[in-house]
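Single-structure report; data block below.
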Amino acid sequence: MKLLGAIVLAAIYGFLLAPLLVVVLASLTAGELMQFPPQGLSLKWFARFFANDGFIEALTLSLRVAVVSTVVATLVGGLAALCHRALSRRHAAWFRLMLLLPLLLPELLTGIGLLFLLASIGLGKSLLGLQIGHIVITLPFAFVAIAASLEQVDPALEDASASLGASDWHTMRHVLLPLVKAGALMGALFAFVTSFDMFTLSFLLKPIGGDTLPLALFNYLTYDFDPTAAAAATVSIALALAGVWAIDRTVGLRRVY
Amino acid sequence: MRRRGRLLLGVPALLILLAFLVLPYVDMVTMSLRAPGSGVAYGAGFTLGNFRHALGDPLYLGALARSLTLGGIVAALCLLLSYPVAWHLAHVSERWHLLFYSCIVSPLLVGVLVRNFGWMIILAVNGPLNKALLATGLIAMPLRLMFTEGVVILALVHVFVPFMVLPITNALRNTDPALAEASASLGASRLRTFWRVTLPLSFPGVQAALVLVFVLASSAYVTPALLGGATVALLPSLIVDQLIGAFAWPFGAALALVLAAGMLLVVVAFAMLTRPLAERTSAEPAR
């Protein structure tokens with residue numbers, strides 16, 4: 001019974017991780033075809049990826065949009081999390097639901113609504129419009145992570161800070177901020193990755209001639225199915241891993257959970 | 001309270017969501033009532049014709065039914081795979097928790113497109129799965145697995161399992177282990193304890209996760225577009241065709257609302273059908 005359970009669990013974990021491993025390994029092939037297992041090992045498909053102007057322009061655009069989204073979402077989401085903590089129980093539940101809406105509503109429908117709205121205010125097919133869409137979708141990730149960290153903070157710490165004469169601003173800056181740093185970084189990472197990987201909304205709102213990396217990858221997979229695509233996908237996996245690594249180095253992953 | 005000033009900090013977020021989330025949905029309703037245009041996205045005047053067209057054509061109703069069925073199948077399969085993992089994650093020792101937790105969260109850090117792409121490689125005609133099956137002699141010819149409804153379901157299940165594991169794990173971690181112990185000490189078998197105590201207690205998490213996955217899977221666009229090919233006509237891709245391809249915004253908006261209404265009906269029906277189960281849970285004495 002125990003053995004059977006272990007086999008079932010191993011199969012499910014394997015199912016979750018296999019496609020990611022396959023993509024990474026396929027990008028390292030020395031052969032000419034997209035295949036697994038790879039034929040020999042080389043980095044030549046990464047060289048092709050970085051020599052492909054279309055991919056590099058897309059990568060640059062994705063990074064720009066993701067960085068701006070992350071900064072805005074973390075800032076606005078962090079402020080909202082502080083507001084959430086100050087609200088009464090009933091109001092906090094409504095506020096939380098509102099902030100989570102972009103996550104709960106289908107990205108397709110939100111994207112369609114934004115397509116119409118942005119066109120009507122003159123931002124149709126513009127970079128700013130795309131950026132606004134990304135900020136809306138990434139906002140809940142930053143909010144949830146920071147609000148969860150704040151919940152772990154004992155209110156007595158704030159009371160102590162206030163009774164010692166600190167202003168509310170001082171308390172937030174020197175008591176709360178250091179305590180939620182880990183959560184804020186994790187929220188920022190999720191915001192970044194969500195923006196960097198967003199497909200459907202970007203597809204609906206993309207500026208003329210401006211593909212993000214997922215859009216470029218989709219086109220490439222549809223028309224030229226060669227290992228350059230695996231290299232592109234591996235680059236985006238590596239970016240997410242680098243983010244996790246950076247968080248582990250600065251605050252330690254164990255503090256995040 | 002002295003911290004009243006903090007309430008103002010929520011204003012930027014609310015303004016952003018009001019302007020760029022609530023208003024867009026209002027715009028969608030307005031757009032669905034506009035007259036179609038020729039050469040432009042929409043014409044002058046208002047009409048109900050878009051809805052008449054959307055609900056009168058079996059092509060769109062059929063696609064709606066297929067999308068909702070797909071969402072239901074994906075949600076059910078996700079539950080089947082997620083419950084054991086959530087159970088394991090909720091009971092694994094502190095030492096191993098981070099490792100297994102990372103296995104569940106790490107797919108979330110990788111884009112949907114990349115995860116779908118992994119299946120394209122695995123299931124290709126000359127891919128590792130076909131090679132393995134040929135080697136074992138189970139099949140004589142490579143199977144053509146890509147561009148079928150099955151592969152779309154498989155890839156969507158893969159995408160949404162983490163969405164379901166995390167809320168169910170939370171629900172399981174928040175239940176008092178003493179309740180299961182009490183059931184066992186009163187003589188219930190392990191299966192009976194699971195069926196009568198653990199499962200009902202985790203039901204709120206299960207219910208929320210099923211609804212979330214159903215909605216996200218029914219409205220998924222990229223996975224069917226990439227893996228389903230042209231064989232599977234689902235409503236999201238027909239909507240995008242109208243908006244981007246045919247440039248018919250009013251009709252596209254009406255179809256989007258039909259999809260939203262269809263999903264809402266299923267969610268409401270599901271909530272009503274499972275209400276006895278949910279009530280059984282909330283009737284349990286609070287800790």
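Readers should treat all values here as calculations from the given coordinates under stated rules, not as data from a laboratory. In this text, all values refer to a predicted model and were calculated from it rather than measured experimentally. Using ideal geometry, Cβ is built from the backbone for each residue, glycine included, and neighbour counts are taken over all protein chains shown.
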Normalized C-alpha radius of gyration of the range B:1-135, against 2.2 N^0.38 Å? 1.72
In whole Å, what is the distance between the alpha-carbon centres of the range A:198-257 and the range A:121-145? 17
Relative contact order [Cα under 8 Å, 6+ residues apart], chain A, whole percent: 29
Highest mean first, what order results for B:86-94, A:154-162 on Cβ atoms within 10 Å? B:86-94, A:154-162
For chain B, what is the mean residue ellipticity at 222 nm derived from helices alone (per DSSP H run of n ≥ 4: -39500 (n - 2.57); sum divided by total residues; nearest 500 deg cm²/dmol)? -21000 deg cm²/dmol
Descending semi-axes in Å of the range A:51-256, equivalent ellipsoid built from Cα gyration tensor: 36, 21, 13
Report, in order of residue number, the helices in chain A meeting two criteria: a C-alpha extent of 24 Å or more along the helix axis, and a mean Kyte-Doolittle hydropathy of at least 1.0; treat each whole DSSP H run as one helix. A:2-27, A:53-86, A:127-151, A:177-197, A:227-250
Tell me which lysines have Cα within less than 22 Å of A:LYS125's Cα, excluding those fewer than 8 residues away on the same chain? A:LYS206
Just counting partner chain Cβ atoms within 10 Å, what average do the residues of peptide B:121-133 show around their Cβ? 3
Compute the Rg/Rh shape ratio of the range A:1-42: radius of gyration over Kirkwood radius, all on alpha-carbon atoms. 1.24
Taking amide hydrogens as modeled 1.01 Å from N in the peptide plane, which residues meet the under 5 Å criterion relative to B:ARG34, leaving out close sequence neighbours? B:THR47
Computed magnitude of the charge dipole of the protein assembly as shown (debye, nearest 20; Cβ of K, R +1, Cβ of D, E -1): 1020
What span do the alpha-carbon atoms of the protein assembly as shown cover on each of the three principal axes, reported in whole Å from largest to smallest? 65, 64, 51
Using only atoms on other chains, find how many Cβ atoms lie within 10 Å of each Cβ of peptide A:219-226 and report the average. 1
Calculate how steeply helix B:203-218 sits against the longest principal axis of the alpha-carbon atoms of chain B, using the helix alpha-carbon long axis, and give the answer as 0 to 90 degrees to the nearest 10. 30
For the ranges B:269-277, B:98-106, what's the packing order if you count other beta-carbon atoms within 10 Å of each residue, average per peptide, and put the highest first? B:98-106, B:269-277
Per-residue Cβ counts within 10 Å, from other chains only, averaged over A:232-242: what number is that? 3
Determine, for each peptide in A:32-42, B:254-264, the mean count of other beta carbons within 10 angstrom over its residues, then list the peptides with the highest first. B:254-264, A:32-42
The range A:1-42: relative contact order from alpha carbon pairs under 8 Å, six or more residues apart, as a whole percent, is 25
Scattering curve values for chain B, log₁₀ I(q)/I(0), Debye with Cα scatterers, q = 0.08, 0.13, 0.15 Å⁻¹: -0.50, -1.10, -1.24
